[in-house]
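The values are calculated or read from the model by the stated rules, or taken from the named source; none is laboratory data. Values in this document were obtained by computation on a predicted structure and should not be read as measured data. Methodologically, a virtual Cβ is constructed for each residue, glycine included, from the backbone with ideal geometry; neighbour enumeration extends over all protein chains shown. The protein model used for the area step is the full one, side chains on, heavy atoms only, and it has no ligands, DNA or RNA in it. Shrake-Rupley method; radii C 1.70, N 1.55, O 1.52, S 1.80 Å.
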Amino acid sequence: MQNADEWKFPHSLRPDPEKLLFNLSKAINSIVKVRTAIPSAAFTADILGTERIGSGVLINSSGLVLTVSYLVTEAESVWLTTNLNQSIPGYVVAYDQVTGLGLIQALGVLDVEASELDSSNLVTVNDDIFFISYGGVEHSLNTKIIRIDEFAGYWEYLLQDAIYTSPPHPQWGGAAVFNARGHVIGIGSLFLQEIFDGKNQQGNLVIPTNILKPIMSDMLKFGRPLAPAKPWLGLYVVESESALVVNGLARYGPAEQAGILQGDRINKISGKKVSTLANFFRSVWDLGAAGVPVPININRDGNHMQLVVNSIDRNDFLLKPQTH
């Protein structure tokens, strides 16, 4: 993501406050910069870095901030900065690897008004939306929903009704997406460049905030949802030439310990053929909760092999949010 001091949207791409049904300044000022520090020994340190910067949105008057989980996963310190140049520390309340959302509690009073999460779930293609990161109106983008579709990420992540937006916001991580009523409908997660319907498209992947409501109570009380954890293999798999190819492995993870190697092609899970990432993940998760043995048939240099990966809970690899 680009440095907040080095760029700005042209006026033609920014929301026009005179044409909006909500207070744009209030929405903008509910966005905060999120800066986190992660111990070098943390599992995600090599992948996501030990210093992470993005955005978050204040969602209540008690200082609760919603952001994307990768900004706060395993964080040992958190600082929040408003567009009014107020900086205060915070702490990680919770993060969830299934939804990709995280919560931060400010350790002090943020002198801005909170934004409201949308409760209608009425999100449709071609809706005009407003993608706002830390940095004021210059970092506010008038954009559109181009589709609502499944998204599968190579890190064993599957989002059922992901929101795809275009044109893209270059400072997407943790930024808030507002609907026409000024309610938050999503949190920015990724930049995407893809071929869809034969066209080369650039845009963002947005996590819908309506998936937070069912797990909010658990997140606040326990730092994570209490539903049985999905089995995690520690595989980084990509779709390549109509095949599922192991592109990497988590060090000391279940797949590595089972003998799977980079370059292996995954054919079947428990005897069931898999051909897409989403199909692969669902086939694994359908076997049961974390801890279930996962039979995998692979093709290694033309030789078929049957291996069994003893899955675990991904959270066992991660440093947990501290209780306060």
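Report the relative contact order of the range 194-324, percent, no decimals, based on alpha-carbon pairs under 8 angstrom and at least 6 residues apart. The partial results should precede the final answer.
Numbers: 200 pairs, mean separation 28.6, N = 131.
Once divided by the residue count of the range 194-324, the mean separation gives 22 percent.
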Considering only protein heavy atoms and a probe of 1.4 Å, how much of the accessible area of the chain is carbon and sulfur, as a whole percent?
49
I need the Debye-formula profile for the range 71-127: one equal scatterer per C-alpha, no solvent, reported as log10 I(q)/I(0) at q = 0.14, 0.16, 0.19, 0.25 1/Å, two decimals.
-0.56, -0.69, -0.86, -1.05
In square nanometres, what is one fourth of the surface area of the convex hull spanned by the alpha carbons of the range 87-204?
8.4
Protection proxy ranking of 190-199, 110-119 - average other beta-carbon atoms within 10 Å, highest first:
110-119, 190-199
Any lysines with Cα under 24 Å of the residue 272 Cα? List them, leaving off those in the same chain fewer than 8 positions away.
230
Scan around residue 153 for amide H atoms under 5 Å from its own, H built in the peptide plane at 1.01 Å from N, and keep only partners 5 or more places away or cross-chain.
158, 159
Under a cut-off of 17 Å between alpha-carbon atoms, report the lysines in cross-link reach of residue 8, not counting same-chain residues fewer than 8 places apart.
33
Relative contact order, percent, the range 134-253 [alpha-carbon distance under 8 Å, six or more residues apart]
19
P(r) of the range 17-94 over all Cα-Cα pairs, binned every 10 Å from zero, in whole percent
18, 45, 24, 10, 2
For the range 276-324, the spread of Cα positions along each principal axis, largest first, Å:
53, 19, 18
Counting residues in the range 158-265 as N, plug N into 2.2 N^0.38 Å and put the Cα Rg over that result.
1.36
Starting from the Cα of residue 199, draw a straight line to each of the lysines and keep only those under 19 Å, dropping any in the same chain fewer than 8 residues away.
144
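If you add up the charges near residue 75, with Lys and Arg at +1 and Asp and Glu at -1, over every other residue whose beta carbon is less than 13 angstrom from its beta carbon, what do you get?
Details: positive: 35, 52, 320; negative: 51, 74, 76.
Net charge around residue 75: 0.
Using only C-alpha atoms and all pairs of different ones, pull out the Kirkwood radius for the range 198-261 in Å with one decimal.
One over the average 1/r among Cα pairs gives 15.5 Å for the range 198-261.
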With viscosity set to 1.306 mPa s at 10 °C, what whole-number translational diffusion coefficient in µm²/s follows for the chain from Stokes-Einstein and a Kirkwood radius over Cα pairs?
77
So if the hydrodynamic radius of the range 95-149 is defined as the Kirkwood radius over C-alpha pairs, what does Stokes-Einstein give as its diffusion coefficient at 10 °C and 1.306 mPa s, in µm² per second?
110
Rg and Dmax of the range 4-51, Cα atoms, in Å?
17.3, 50
Counting every C-alpha pair in the range 157-218, the percent lying more than 14 Å apart is 60
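State in Å² the accessible area per residue of the chain; use a 1.4 Å probe, count heavy atoms of protein chains only, and round to the nearest integer.
That works out to 47 Å² for each residue.
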